[in-house]
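The numbers here are math on the coordinates, done by the rules we state, and not lab data. This one's a predicted model, so the numbers in the text were calculated from it and none came from an experiment. Cβ placement follows ideal geometry from the backbone for every residue including glycine, while neighbour counts extend to all protein chains displayed.
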Amino acid sequence: MAKYTVVTMPGDGIGNQVLPEALKVLRAVGFDAEYVHADIGWECWRNEGNALPERTIELLRKHRLGLFGAITSKPKKAADAELKPELRGKGYQYFSPIVSMRQLFGLDICLRPCIGFPGNPLNFIRKRPDGGYEEPEVDVVVFRQNTEGLYAGVEWTNPPEEVRAALATHKKFAPFANMPGEDLAVSVRIITRPAARRICTAAFEYAKKFGYKGVTICEKPNVLRETSGMMEDAAKEVAKNYPGIALWSTNIDAQTMWLTKNPEDYGVIVASNLFGDVISDAFAGLVGGLGFAASGNIGAEVAVFEPTHGSAPKYAELDPPIVNPIAMILSAAMLLDHVGEREKANRMRKAIAAVIAEGKVRSYDMLRLPGGADAIKLGAASTTQMTEAILAKM
């Protein structure tokens, strides 16, 4: 009997291409696991009115480990229009299955490494005063609070009267008091102190374990005084328990500027949900983009690992497939880290690093080619060829 059981959720589009490649690498590295397929995503929504079926929830509840590919997500009207005719008008609402999964299982710690591989032609470089170029080392890990903030899902268009009445008790709502309901949309940014403490503690623990000198809290407390203020207060409280690790504070808007001026100055960053999403994608752009961006969604009992890219439907039907599988494979390596199989995870990362440094096998994004059927003819490796190169290095 296998030591672990992993619930595999390819989802939509290129999720069905990259997840099988990650499983090849997990098997090759000797990870003792059984893989159980689970349905999730757009086809479930269209045919069942639910992108995260109960049968998938039960598998995750039972096995507690998930590997997720990608999903398609569309605005409300477009989503409703794609429901099977017999399901329309029956009150079904589309919710992102990964967001639902995070909230259902309390996956409140989102871990997003943004670490550059030497030799990657997509790495950030800057010009020196003498006219030459330098490539700063980017080694950033973003801790994103995963279940609250603006992604908590508490929002309305045409809010009910009791909501409007509550909002009217705040003097800042006065300019909107007479706005017709159908022209008023409200989203609530929710921060709780316990969740803020948990994400900040996770960031400091990581910094302590891996020798980072400081943790940066990235918020906007000068404007969002209550919610960002609570995040920053929690970071200060937690920092008292880690006297050897500095706490720095940046505003999200300024941080997006500074990260392209001096990215080597940053290590561990912690932020609320939306700001963590923004800053992790921004740092990912410095180390190759979404083809290299892995993440983990970690709760007290369940953990799900995924690349941060989307389903890219325009590439999903290409044969051979051209998408870069590295983000998915790195997500699988994070799963190994989570269950204590760090030696196997490091073997996977070292093999990826060796392929990138050698430079003989490069996906279309690494060659800066337009995505499409011609990419292979122009010298890009297919999805499978990239995986084979990684397996060969292992």
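Brief remarks follow.
- Amide H contacts of Val215: Ala246, Leu247, Trp248, each under 5 Å away and 5 or more positions distant or on a separate chain (H built 1.01 Å from N in the peptide plane; Pro and chain starts excluded).
- Rounded to the nearest 20 debye, the dipole size of the chain about its Cα centre is 560 debye, using +1 on the Cβ of Lys and Arg and -1 on the Cβ of Asp and Glu.
- For the chain, the mean residue ellipticity at 222 nm estimated from helices alone is -11000 deg cm²/dmol, where every DSSP H run of n ≥ 4 contributes -39500 (n - 2.57) and the total is divided by all residues, rounded to the nearest 500.
- This structure gives semi-axes √(5λ) of the Cα gyration tensor in Å, computed directly, and of (i) 34, 21, 20; (ii) 34, 28, 22; (iii) 51, 25, 19 that value is listed as (ii).
- Percentage, to the nearest whole number, of Cα pairs in the stretch 138-203 over 15 Å apart: 63 percent
- Here the label points at Glu137 and Asp80, each 7 Å from Cα along the C-beta direction, are separated by 5.4 nm in the simple model.
- Paramagnetic label reach from Lys261 (point 7 Å along Cα→Cβ; backbone nitrogen cut-off under 15 Å): within the stretch 120-162, residues 127.
- Stretched out straight at 0.36 nm per residue, the stretch from Ala254 to Arg225 would grow longer than its current Cα-Cα span by 8.8 nm.
- A cut-off of 5 Å between modelled amide H atoms, ignoring neighbours fewer than 5 places along the same chain, links Ile322 with Thr383.
- As a ratio to 2.2 N^0.38 Å, the alpha-carbon radius of gyration computed for the stretch 91-187 takes the value 1.79.
- As a proxy for reagent exposure, Arg144, Arg193, Arg349, Arg128 were ordered by neighbouring Cβ count within 10 angstrom, fewest first; the result is Arg128, Arg193, Arg349, Arg144.
- Backbone amide hydrogens, once placed in the peptide plane, bring Cys114 within less than 5 Å of Val140, Val141, Val142, excluding anything fewer than 5 places away on its chain.
- Summing +1 for each Lys or Arg and -1 for each Asp or Glu among the other residues whose beta-carbon sits under 12 angstrom from that of Gly13 gives -2.
- Under the simplified labelling scheme, the Asp183-Ala2 pair shows an inter-label distance of 5.7 nm, with each label point 7 Å from Cα along Cα→Cβ.
- Hydrodynamic radius of the stretch 290-374 per Kirkwood, over alpha carbon pairs, in Å: 14.2 Å
- Placing unit charges on the Cβ atoms of the charged side chains and taking the dipole of the chain about its Cα centre, the candidate lying farthest along the positive direction among Phe305, Trp45, Ser249 is Ser249.
- Once the chain from Asp130 to Leu367 is taken as fully extended at 0.36 nm per residue, the excess over their C-alpha distance is 82.6 nm.
- This ranking places Asp265, Asp319 by how few other beta-carbon atoms lie within 10 Å of each, fewest first, which gives Asp319, Asp265.
- Its residue count N fixes a reference of 2.2 N^0.38 Å for the stretch 210-363, and the Cα radius of gyration divided by that reference is 1.20.
- Applying the Karplus relation 6.51 cos²θ - 1.76 cosθ + 1.60 with θ = phi - 60° to the stretch 21-37 yields 3J(HN,Hα) values of 5, 5, 5, 4, 6, 4, 5, 5, 7, x, 6, 7, 8, 9, 10, 10, 6 Hz, where x marks Gly and Pro.
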